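J.: My questions will all concern the structure given below.
The values are calculated or read from the model by the stated rules, or taken from the named source; none is laboratory data. A quick note: this is a predicted structure, and the numbers were derived from the prediction, not measured. Every residue, glycine as well, gets a Cβ built from its backbone with ideal geometry; the counts of neighbours run over all protein chains shown.
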Amino acid sequence: MRTAKGWIVFLVMGAFLISGCAAALIGGAAVGAGSGTYFYINGEMKTDYYSSFDTTWNACQKTVADMRGLDVLPEKEIGKGKITAVIDDEKVQISVIYKAKNLTTVSIRVGLIGNKLSSQLIHDKIGENLVRK
C-alpha cells in the first residue's frame, strides 16, 4: 500500500516536470534571468534580466532590428516601455518593466494568442544582445 502511494506521488511530480510546471513544485518562487528561467502564462513569456532598464531596452530594440521587424512602434516611459512590431508576419509585443536598479522584467507575446517557441527565440536573442553590450 505504501509503495503504491509512493509511485503515485512520483508519477504526479514527473507529470509536472514534463509539462513545464517545475515552478509549481518549487512553490513558484523561482526568479529568472539569463539562467533560462522563463514563465509562460496566458500566451506571454516572461523572464527577469539582471541588467539595467536602459541596457535591456536597447537590447530589445537591437533584437527587433536584427530580426528585421516591420512597423516598429516603440513606446518608452519612465520605468516601463513597450515595443510593437511585425516579425515574420506575426505581431510581436515586447514589454520592458523596471523592477530594481539592475533587474528588469521582459514579457513577450507573439501573435494573438501567443507562441511559446517564437517567444523563447526572441528571449534568447535579447539575452545574447545583453551579453554583447
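J.: Taking residue 96, is it of a type in the set (A, V, I, L, M) and modelled with pLDDT of 95 or more? Steps first, answer last, please.
T.: Working: of a type in the set (A, V, I, L, M): yes; modelled with pLDDT of 95 or more: yes.
Taking the combined requirement at face value, the residue satisfies it.
J.: I would also like to ask the following. Which pairs turn up if I take residues in the range 51-65 that are more than 9 Å from residue 130 (Cβ to Cβ) and look for partners that are acidic (Asp, Glu) with beta carbon separation below 9 Å, at least 6 apart in sequence or on another chain?
T.: Pairs found: 63/128.
J.: Do the conditions hold for residue 83, that is, is it surrounded by 14 or more Cβ atoms within 10 Å (Cβ to Cβ) and closer than 16 Å to residue 117 by Cα? Lay out the reasoning, then the answer.
T.: Values: surrounded by 14 or more Cβ atoms within 10 Å (Cβ to Cβ): yes; closer than 16 Å to residue 117 by Cα: no.
Here the answer is no, as residue 83 does not meet what is asked.
J.: Report, by residue number, each residue of the range 43-88 that is over 15 Å from the mean Cα position of the chain (by Cα), in a helix (DSSP H, G or I) and of a type in the set (Ser, Thr, Tyr).
T.: Within the range 43-88, 55 is the sole residue that qualifies.
J.: Could you list, in sequence order, the residues of the range 89-130 that are in a helix (DSSP H, G or I), closer than 12 Å to residue 49 by Cα and without any contact (Cβ under 8 Å) to a residue 12 or more places away in the chain?
T.: Our first condition is that a residue be in a helix (DSSP H, G or I); within the range 89-130, this holds for 116-130.
Filter once more, so that each one left must be closer than 12 Å to residue 49 by Cα: 123-124, 126-130.
If the condition is that a residue be in a helix (DSSP H, G or I), closer than 12 Å to residue 49 by Cα and without any contact (Cβ under 8 Å) to a residue 12 or more places away in the chain, then 124, 128 are the ones that fit.
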